[in-house]
Amino acid sequence: MLGAVEAQALLPLAARRELPALSLLVVAVTTLLIVNPAFRTPDNLAVLAQDAGILGIMACGQALVIITAGIDLSVGSMLALSACVAGSLMMRGMPWLVASLCGLVAGVVAGLVNGSLITYRRLPPILVTLATLLLYRGLTNVATGAAPYNILPETFKMIGKGTAPLVMMVAVGGLIALMVARGRLGRHILAVGGSPLAARLSGVPPDAVLRRVYAISGLCAGIAGLLLAAANGNAQWNLADGWELDVIAATVIGGVRLTGGEGSILGAMFGAMIIVVLRNALFLLGVPVEQYGLVTGGVIVLAALTEQWRRRVESRQ
Amino acid sequence: MKPRLPVETGVAVILLAASAWLAITFPTFRSGATSYVIIGNASEIAILAAGMTLVIAAGGIDVSVGSVLGLCAIVLGKLAGEMGWSIWPACGASIGVGVACGLITGTLVARFAVPPIVATLAMFAAARAGAYVLSGGDSISQLPEGLISLGYGSLFGMPYTAWVAAGVFVLGGLVVRRTSFGRGVLAIGGGRTAAFLSGQPTQRIETWVYGINGLLAGLAAVIVVARGATAIPDAGRFSEMTAITAVVLGGTPVTGGQCTMTGTTLGVLAIGVITNGVRAYGKGDIWVLLVLGCALLVAVEVDRWRRRERRRTE
């Protein structure tokens, strides 16, 4: 029996876990580029880059959490919390860079609270993050009085425009992927996801690793929150309401296994891009927003079945 | 030996504390009319939570019930309102759609080993979209009188809908405790391989757990449509979260293998009282989220304390 890392390295390219997501993405984008002239307008591509970047950053954090066999349902609420902290400080005249940093700190703290409840109190992740999904959203609403923070500095708004979020996603995702592949924390995360007991016996502190993972998820949600607030020119408590399911869908499409121990950050980013590209295609076809779910649902099922098939092929080898 | 505290201790504490606090603060809260409203409002969540208890007991989770509810509501509205079907066949067809949705997710989970949250996430997206495709985004308010009176009628001082919910809970409790199906559900939640090796038809049982959950989503849709006198494609949005919260608050462990229908009933009532109390304070519904989030954590802490107590007595 090989460890997760070795098994992945030895797999032939045809069974790499990012491959289904990548091929779907390439096919979808190429088809749209050829078939639909509206898709290749610079404006549309900029919108795509913006949405994909924001969703992709959250998917990277979620992928880490899911690799540890956990789940983070509170990402949408943490996003709104960070954005509102940053937005309110900017409206009070704080320099945007400092305010953004405070927003990120809020995200990290929120993530650490999740991680602490999960590790110190031994609560299941799905329960803790369900509670904090409600708590953080409620807290943000109450603290801000549901007021929008919509007078933001122009320089801050630039970070959400055009390709900036996509560049940010590549940077964040690249860092996290590098950490998983080469870093010590990454190795520990894979170990804890594979088997917490085995990890502990071989000297990996599972609780410290888990707390860091949830903090990173909070940080990613915070970065996405800043980008989204900058893109909309508005930070409000109801930002990214219900996005947790989109984010989980993106990681699943990207081939991250929900039972933990294995997954790919690159795949999660591809998954986010697929969701965004498909939505954009439906939008250009004139399909009403409410009906996108039929396609998203179909893609999720397809991704899950591919993962099952891949696992069967892998276990036969 | 000290008697063991029941699983429902946590939720009972929260329910009693919330009711007592509100009864002291607001005189109107002590009236029967308020309990009538709370119980009436709680029916649809109660029905969803009963099904969710089974799903969670089997070690799964179902985030699709709210969307399935929306789809069933539109089917009911189309059939009873626009196509002129009589009430009962229309309700039957709507519930049938719910069962079909549930069986699809159940098959994905049981036969194709897709993780429950993924399979139901797909249904969550697809069923809601289906509701919008069918309705074209419009709500249907031309409904037969008979259907609407179902939502407002009462029997022995309780709304019809509450009787339906109570019936679902009694049946659910019996199924879990007294039938081989119920034993199978708990066995799967405790350990799928062990359940399979001890001869349980795990695939069939797991498929039908989701099928039953779909059925209950359809039943809840009938109640939502009857009470609201309209079928809207957005019906049941976020109700999956409320249902899961009620189950967890009630003391059913999310790891599966155990469940308590009484706890879930109390959980639903606690949510009803809290919602009503927040409104009595004149606060927006967002405060409900805040209070519920805290209540969830309190219930879990009480559960931990209860279990420590038990270990000491053993």
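The values are calculated or read from the model by the stated rules, or taken from the named source; none is laboratory data. What you see is a predicted model; the values in this text were computed from it and never measured. Here the Cβ positions follow ideal geometry from the backbone for every residue, glycine too, while neighbour counts run over all protein chains shown.
Within the range A:84-95, which residues are surrounded by fewer than 21 Cβ atoms within 10 Å (Cβ to Cβ) and closer than 18 Å to A:Asn150 by Cβ? Hits for the range A:84-95 are A:Ser88, A:Leu89, A:Met91, A:Arg92, A:Gly93, A:Met94. The set of residues in the range A:108-128 being β-branched (Val, Ile, Thr), under 22 Å from A:Ala224 (Cβ atoms) and touching a residue at least 60 places away in the same chain (Cβ under 8 Å) consists of A:Val108, A:Val109, A:Ile118.
Taking the conditions (1) over 30 Å from A:Ser195 (Cβ atoms); (2) surrounded by fewer than 18 Cβ atoms within 10 Å (Cβ to Cβ) in turn, A:Gly53 satisfies each one other than (2).
Here are some residues: B:Phe196, B:Phe181, B:Phe156. Which one is at pLDDT below 90, on the phi > 0 side of the Ramachandran plot and surrounded by fewer than 21 Cβ atoms within 10 Å (Cβ to Cβ)? First the steps, then the outcome.
Values: B:Phe196 fails: on the phi > 0 side of the Ramachandran plot; B:Phe181 fails: on the phi > 0 side of the Ramachandran plot.
One residue alone meets the criteria, B:Phe156.
Kindly check whether there is at least one residue in the range B:270-286 that is assigned to a helix (DSSP H, G or I), at the interface with chain A (Cβ under 8 Å from one of its Cβ atoms), closer than 21 Å to B:Val37 by Cα and among the hydrophobic types (A, V, I, L, M, F, W, C).
Going through the range B:270-286, the residues assigned to a helix (DSSP H, G or I) turn out to be B:270-280, B:286.
Now drop any that are not at the interface with chain A (Cβ under 8 Å from one of its Cβ atoms), which leaves B:286.
Now drop any that are not closer than 21 Å to B:Val37 by Cα, which leaves B:286.
Applying the additional criterion that residues be among the hydrophobic types (A, V, I, L, M, F, W, C) yields B:286.
Scanning the range B:270-286, I find at least one residue that is assigned to a helix (DSSP H, G or I), at the interface with chain A (Cβ under 8 Å from one of its Cβ atoms), closer than 21 Å to B:Val37 by Cα and among the hydrophobic types (A, V, I, L, M, F, W, C), so the answer is yes.
Could you say which residue among A:Gly107, A:Gly111, A:Gly76, A:Gly61 is under 12 Å from A:Gly218 (Cα atoms), among the small types (Gly, Ala, Ser) and in contact with a Lys or Arg (Cβ under 8 Å, 6 or more places away or on another chain)? I'd like the intermediate steps shown before the answer.
Values: A:Gly107 fails: in contact with a Lys or Arg (Cβ under 8 Å, 6 or more places away or on another chain); A:Gly111 fails: in contact with a Lys or Arg (Cβ under 8 Å, 6 or more places away or on another chain); A:Gly61 fails: in contact with a Lys or Arg (Cβ under 8 Å, 6 or more places away or on another chain).
Within the list A:Gly107, A:Gly111, A:Gly76, A:Gly61, the selection yields A:Gly76.
Buried (at least 21 other Cβ atoms within 10 Å of the Cβ), at pLDDT 80 or above and among the polar types (S, T, N, Q) - does that describe any residue in the range B:116-124? Yes: the range B:116-124 contains one or more residues that are buried (at least 21 other Cβ atoms within 10 Å of the Cβ), at pLDDT 80 or above and among the polar types (S, T, N, Q). Quick one: is A:Leu245 closer than 22 Å to A:Val27 by Cβ, facing chain B (nearest Cβ under 10 Å) and surrounded by fewer than 20 Cβ atoms within 10 Å (Cβ to Cβ)? Taking the combined requirement at face value, the residue does not satisfy it. Helices (runs of 4 or more DSSP H) fully within the range A:108-223 that include at least 1 residues being among the β-branched types (Val, Ile, Thr): A:125-144, A:154-158, A:164-182, A:184-194. The set of residues from the range A:258-294 being of a type outside the set (Ser, Thr, Tyr) and at the interface with chain B (Cβ under 8 Å from one of its Cβ atoms) comprises A:Leu258, A:Pro288, A:Glu290, A:Gln291, A:Gly293, A:Leu294.
Report the residue count in the range A:125-183 for those that are of a type outside the set (S, T, N, Q) and within 14 Å of chain B (Cβ to nearest Cβ). The qualifying residues number 18. Per the conditions (1) touching a residue at least 60 places away in the same chain (Cβ under 8 Å); (2) assigned to a helix (DSSP H, G or I); (3) not hydrophobic (A, V, I, L, M, F, W, C), the sole criterion not satisfied by B:Gly60 is (2). Scanning the range B:108-151 for residues that are in contact with a Pro (Cβ under 8 Å, 6 or more places away or on another chain) and within 11 Å of another protein chain (Cβ to nearest Cβ) gives B:Val109, B:Arg128, B:Ala131, B:Tyr132, B:Leu134, B:Ser135, B:Gly137.
For A:Ser315, state whether it is of a type in the set (Ser, Thr, Tyr) and more than 14 Å from every other protein chain (Cβ to nearest Cβ). So that I can check it myself, show each step before the final result.
Values: of a type in the set (Ser, Thr, Tyr): yes; more than 14 Å from every other protein chain (Cβ to nearest Cβ): no.
No; evaluated as a whole, the condition is false for this residue.
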